[in-house]
1. Condition first: over 12 Å from the mean Cα position of the chain (by Cα), surrounded by 12 or more Cβ atoms within 10 Å (Cβ to Cβ) and of a type outside the set (Asp, Glu). Now tell me which residues in region 30-50 satisfy that.
2. Pick from Asp20, Asp24, Asp11, Asp60: which is at positive phi and either charged (D, E, K, R) or surrounded by fewer than 16 Cβ atoms within 10 Å (Cβ to Cβ) (or both)?
3. Take the residues in region 68-111 that are within 20 Å of Gly13 (Cα to Cα) and in a loop (DSSP other than H, G, I, E, B); name whichever of them is modelled with the lowest pLDDT.
4. Restricting attention to region 57-66, does a residue exist that is β-branched (Val, Ile, Thr), under 14 Å from the mean Cα position of the chain (by Cα) and either in a strand (DSSP E or B) or at pLDDT below 95 (or both)?
5. Failed condition for Leu106, given (1) more than 19 Å from the chain's Cα centre (by Cα); (2) among the aliphatic types (A, V, I, L, M); (3) farther than 30 Å from Arg3 by Cα, with all others met?
6. Restricting attention to region 41-63, which residues are touching a strand residue (DSSP E or B) at 6+ places or on another chain (Cβ under 9 Å) and either of a type in the set (Ser, Thr, Tyr) or more than 24 Å from Arg3 (Cα to Cα) (or both)?
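The values are calculated or read from the model by the stated rules, or taken from the named source; none is laboratory data. Small disclaimer: the values here were computed from a predicted structure and weren't measured. Note that we place each Cβ from the backbone using ideal geometry, even for glycine, and neighbour counts take in every protein chain shown.
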Amino acid sequence: MRRFGNGLAVDQGSRILFADFADDGAMWTGTGPREVRQTQRFAQAFQEPPVVTVSISMWDIAHQTNSRVDISTDAVTETGFDMVFRTWGDSRIARIRADWLAMGPLRDDDLWDVP
């Protein structure tokens, strides 16, 4: 996580969401609506839920069918979020890697909670 002087912080990462070709998983062999959801934790909690973007940084998709892909975030909190990848129809997705970036304020260590 990179912290800036004005209280703003940026956290980022990259992860393989799945590699279904290796074990004949649903994204590779299935049809119809399919979803993979993975929780990502931040290196440090933000003061409030940050703005999070996610993008596909690597895909391995069969060329014999249409490439139907949808990637998004869900359940963003101060401590993490869910990456959600969806496909449908007869699309065959072997593997996906996603990159993410979160920006938001960090709690100021000089602020105290006084009851």
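1. Within region 30-50, Gly30, Thr31, Arg34, Gln44, Ala45, Phe46, Gln47, Pro49, Pro50 meet the criteria.
2. Numbers: Asp20 fails: at positive phi; Asp11 fails: at positive phi; Asp60 fails: at positive phi.
On inspection, the qualifying residue turns out to be Asp24.
3. Leu106
4. Our first condition is that a residue be β-branched (Val, Ile, Thr); within region 57-66, this holds for 61, 65.
From the residues that got through so far, the ones that are under 14 Å from the mean Cα position of the chain (by Cα) too are none.
Checking region 57-66: not a single residue is β-branched (Val, Ile, Thr), under 14 Å from the mean Cα position of the chain (by Cα) and either in a strand (DSSP E or B) or at pLDDT below 95 (or both).
5. (3)
6. Matches in region 41-63: Thr53, Ser55, Ile56, Ser57, Met58, Trp59, Asp60, Ile61, Ala62.
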